[in-house]
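Student: Sharing a structure with you now.
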Amino acid sequence: MLAIVGLGNIGNDYQNTKHNLGFMVIDYLHSFYKFPAFKLKFKALIAEHTIANNKVLLIKPQTYMNLSGDALVDIKNFYKLENSNFVVFQDDIDLPFLTTRYKTNSADGGQKGIKDIQNKIGKDIHRIKIGIGRPVNPKVDIASYVLLKFNKEELLNIQVLCANIANNFNYLVNKDFQNLIINLNQ
């Protein structure tokens, strides 16, 4: 089983914000692969489907970003998952816009959702970091910046990235993260 997690904040106020990029990826995959409706359980919205003979969970924690680990602890215990079954899509302020990187067993990089997950289930999860870039003005408050909404052009580019993730899903399912990242960054 593969548990694909997107990080974000709940509520309409946060929809299409930089910090909700993980949710946007999950929503795209949900639609693209025609998952059944999300169900609220274990402090998360969860949809389950079989793709290419692989059972896949799509997960959007409903605990707010900084408490994302709460949902994953319950999901891990219920489904009897190893940390290697988790792939987390997260935003990353230190990467240029829509540049992707793969990480495992690494520091949280200041991302509080990842920090909470690592504190509660460990660092050995798979992470796909997606760049949102830093603000041009260094005086801009980072907490405010990550809550800004994407503009129309950025949203179109995000759709292209999400389509690319969906079209390279075989790499994700097979945990071939090297080839996934190569294809996402072309």
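The values are calculated or read from the model by the stated rules, or taken from the named source; none is laboratory data. All figures in this text were calculated on a predicted structure; none of them were measured in a lab. Backbone-built Cβ (ideal geometry, glycine too); neighbour counts: all protein chains shown.
Student: Six or more apart or on different chains, Cβ atoms under 6 Å: show the pairs whose first residue is in the stretch 1-20 and farther than 18 Å from LEU95 by Cα and whose second is among the basic types (Lys, Arg).
Tutor: Final answer for the pair search is MET1/LYS55; ASN16/LYS149.
Student: Additional query: Just to be sure I understand the filter: pairs with C-beta atoms under 9 Å, separated by 6 or more residues or on different chains, first member in the stretch 125-154 and on the phi > 0 side of the Ramachandran plot and surrounded by fewer than 20 Cβ atoms within 10 Å (Cβ to Cβ), second member part of a helix (DSSP H, G or I) and at pLDDT 90 or above. Which pairs pass?
Tutor: Sorted first by the residue in the stretch 125-154, then by its partner, the pairs are GLY133/LYS18.
Student: Could you tell me which residue of the stretch 106-124 is surrounded by the most Cβ atoms within 10 Å (Cβ to Cβ), considering only residues that are over 20 Å from LEU21 (Cα atoms) and of a type in the set (S, T, N, Q)?
Tutor: SER106
Student: Filtering the stretch 46-55 down to residues that are free of Cβ contacts under 8 Å to residues at least 40 places away in the same chain and farther than 13 Å from LEU81 by Cβ, which residue is farthest from the chain's Cα centre (by Cα)? Show your work before the answer.
Tutor: From the stretch 46-55, those free of Cβ contacts under 8 Å to residues at least 40 places away in the same chain are 46-50, 53; that's our starting set.
Keeping just the survivors that are farther than 13 Å from LEU81 by Cβ gives 47, 49-50, 53.
On the way: ALA47: 14, HIS49: 18, THR50: 19, ASN53: 22 Å.
My answer is ASN53.
Student: Is there a residue being part of a strand (DSSP E or B) and free of Cβ contacts under 8 Å to residues at least 24 places away in the same chain anywhere in the stretch 56-66? Spell out how you get there, then give the answer.
Tutor: Start the filter on the stretch 56-66 by keeping residues that are part of a strand (DSSP E or B), which leaves 56-61.
Next, only the ones that are free of Cβ contacts under 8 Å to residues at least 24 places away in the same chain stay: none.
No, every residue in the stretch 56-66 fails to be part of a strand (DSSP E or B) and free of Cβ contacts under 8 Å to residues at least 24 places away in the same chain.
Student: When the residues of the stretch 36-55 are narrowed to those that are not in a strand (DSSP E or B) and not small (Gly, Ala, Ser), which ends up surrounded by the fewest Cβ atoms within 10 Å (Cβ to Cβ)?
Tutor: Filtering the stretch 36-55 for residues not in a strand (DSSP E or B) gives 36-38, 42-43, 52-53.
Add one more test, that the residue is not small (Gly, Ala, Ser), and what stays is 36, 38, 42-43, 53.
On the way: PRO36: 9, PHE38: 18, PHE42: 20, LYS43: 18, ASN53: 6.
It comes out as ASN53.
Student: Of the conditions (1) under 27 Å from ASP70 (Cα atoms); (2) in contact with a Phe, Trp or Tyr (Cβ under 8 Å, 6 or more places away or on another chain); (3) at pLDDT below 95, LEU172 satisfies every one except a single condition; which number is it?
Tutor: Looking at each condition in turn, LEU172 falls short on (2).
Student: In the stretch 1-28, what residues are under 24 Å from LEU156 (Cα atoms), of a type in the set (A, V, I, L, M, F, W, C) and touching a strand residue (DSSP E or B) at 6+ places or on another chain (Cβ under 6 Å)? Spell out how you get there, then give the answer.
Tutor: If we filter the stretch 1-28 for residues that are under 24 Å from LEU156 (Cα atoms), which is where we start, we get 4-28.
Checking which are of a type in the set (A, V, I, L, M, F, W, C) leaves us with 4-5, 7, 10, 21, 23-26.
Hits for the stretch 1-28 are ILE4, VAL5, LEU7, LEU21, PHE23, VAL25, ILE26.
Student: All but one of (1) without any contact (Cβ under 8 Å) to a residue 40 or more places away in the chain; (2) buried (at least 19 other Cβ atoms within 10 Å of the Cβ); (3) touching a Lys or Arg at 6+ places or on another chain (Cβ under 6 Å) hold for HIS30, so report the exception by its number.
Tutor: For HIS30, the exception is condition (3).
Student: Determine whether LYS80 is surrounded by fewer than 20 Cβ atoms within 10 Å (Cβ to Cβ), touching a Phe, Trp or Tyr at 6+ places or on another chain (Cβ under 9 Å), without any contact (Cβ under 8 Å) to a residue 24 or more places away in the chain and not hydroxyl-bearing (Ser, Thr, Tyr).
Tutor: Numbers: surrounded by fewer than 20 Cβ atoms within 10 Å (Cβ to Cβ): yes; touching a Phe, Trp or Tyr at 6+ places or on another chain (Cβ under 9 Å): no; without any contact (Cβ under 8 Å) to a residue 24 or more places away in the chain: yes; not hydroxyl-bearing (Ser, Thr, Tyr): yes.
Against the criterion (surrounded by fewer than 20 Cβ atoms within 10 Å (Cβ to Cβ), touching a Phe, Trp or Tyr at 6+ places or on another chain (Cβ under 9 Å), without any contact (Cβ under 8 Å) to a residue 24 or more places away in the chain and not hydroxyl-bearing (Ser, Thr, Tyr)), LYS80 does not qualify.
Student: Checking VAL5 against (1) part of a strand (DSSP E or B); (2) in contact with a Gly (Cβ under 9 Å, 6 or more places away or on another chain); (3) more than 22 Å from ASN167 (Cβ to Cβ): exactly one of these is not met. Which one?
Tutor: Single failed check for VAL5: (3).
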